[in-house]
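Note sheet for the following structure.
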Amino acid sequence: MPSPAPVFVAGTGRSGTSRIADIIGEHPLIHRIPMETRFIVDPGGLRDLADALTHRYDPIVGEDALHRLSDLLTVRVPGRRDDRGSTVPELVGERRYRDAVHRLWPRLVACAYDEPAPAEGFGDADRPAGPFAPPGRRRILPRHFRDRGELLGILRDLVDTVFGGAAADAGKPTWCEKTPFNLLCMEFLWELVPEATIVHIKRHPLAVLASHLAQPWAPPTVDGALAYLTAVYHRWLTWRNTVDLTGRRYVEVKAEDLAADWPGQRRALFARLDVDDVATPSTFQSHKLAHRDNQFDPETREHLTATLGAIITAMGYE
């Protein structure tokens, strides 16, 4: 059997994305990147840069995008630790990560130059304050990519080096990356990695909302969590209703179905990923999906069901 395609896992968050990514990564041919890397779809990441250096290009927009990507790749990603205390560079190989990032910049920059900064108290740069020359600041002129495919190839090299290298270190031919809001960026993910499979895991919206209320990063009130999630669902459903996924490597599963028939659903999942079925240490279990079922009182549940009714139906639940 040929090597399987790379996998992106997507969902609303709190829908089972971590568990299904773990399961996919327990297959002997697929390495799960052990942490959300965040540099592809997050603000300031590869998706924003691709737009800023192509159809949104002007020198200022492009320079700002490069600054933001630099901050993301060199400060925010290396500075964020998971619950085991690890960082993304540590998990994918620090030397590999650092070298890949350093190789990226010359391919994105047309030229660099120093701009004199106006001296304090004057409106132009050629009048120094007292005996001191005006300071300067380093400026970057980013390349304008008239061929978006050329830029995507450069960004793909970064992904292949970092993710592919981590998979090779694990003795596996391909990789799985999980970031929940891959859900809202599928077109770009397929632009970047056309052969990728995107696995979208769904869970009943009421259960998703209940789980969000227990997270420190989510709004702590029912109304707040409802506002947070309805926007996500509406964006996903609006996009989903305008595209034809026929022929795309797209897999949509329900967490509840996986729990109801785990061996059968696991076989079906791995078949969709073009790999042989294997038993995995991780599973989906119904009681773990249902443990928040009584979190809402009847009045609140009735309100949420009415408010989310159209979304519940559109997501395939009754």
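The values are calculated or read from the model by the stated rules, or taken from the named source; none is laboratory data. Computed from a prediction, not measured in an experiment: that's the story for all the values here. Note that each Cβ is placed from the backbone with ideal geometry, even for glycine, and that neighbours are counted across all protein chains shown. Note: areas computed on protein heavy atoms with side chains; ligands, DNA, RNA excluded. Shrake-Rupley method; radii C 1.70, N 1.55, O 1.52, S 1.80 Å.
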Taking the radius of gyration and the Kirkwood hydrodynamic radius from Cα positions alone, what is the Rg/Rh ratio for the chain, to two decimal places? 1.05
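Nearest 5 is fine: what % of DSSP beta bridges in the chain come out antiparallel, could you say? Let's see the in-between values first.
On the way: 7 of 22 bridges.
Antiparallel bridges make up about 30 percent of those DSSP assigns within the chain.
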Probe radius 1.4 Å, ligands and nucleic acids left out: which of S70, S15 has the largest accessible area, and how do the rest follow? S70, S15
Linear extension gain, D58 paired with A170, 0.36 nm per residue minus alpha-carbon span: 36.2 nm
With a ≥ b ≥ c from the Cα gyration tensor eigenvalues, square-rooted, and the rule rounded for a/c under 1.5, otherwise prolate when a/b > b/c and oblate otherwise, the stretch 198-241 is prolate
Ratio of the stretch 186-314's C-alpha Rg to 2.2 N^0.38 Å, to two decimals? 1.20
Would you kindly state how much longer the chain becomes between D276 and E191 on full extension, computed as 0.36 nm times their sequence separation minus their alpha carbon distance, in nm to one decimal? 27.9 nm
Within the stretch 40-64, what residues put their amide N at less than 17 Å from the label point 7 Å along the Cα-to-Cβ vector of D157? 46, 50
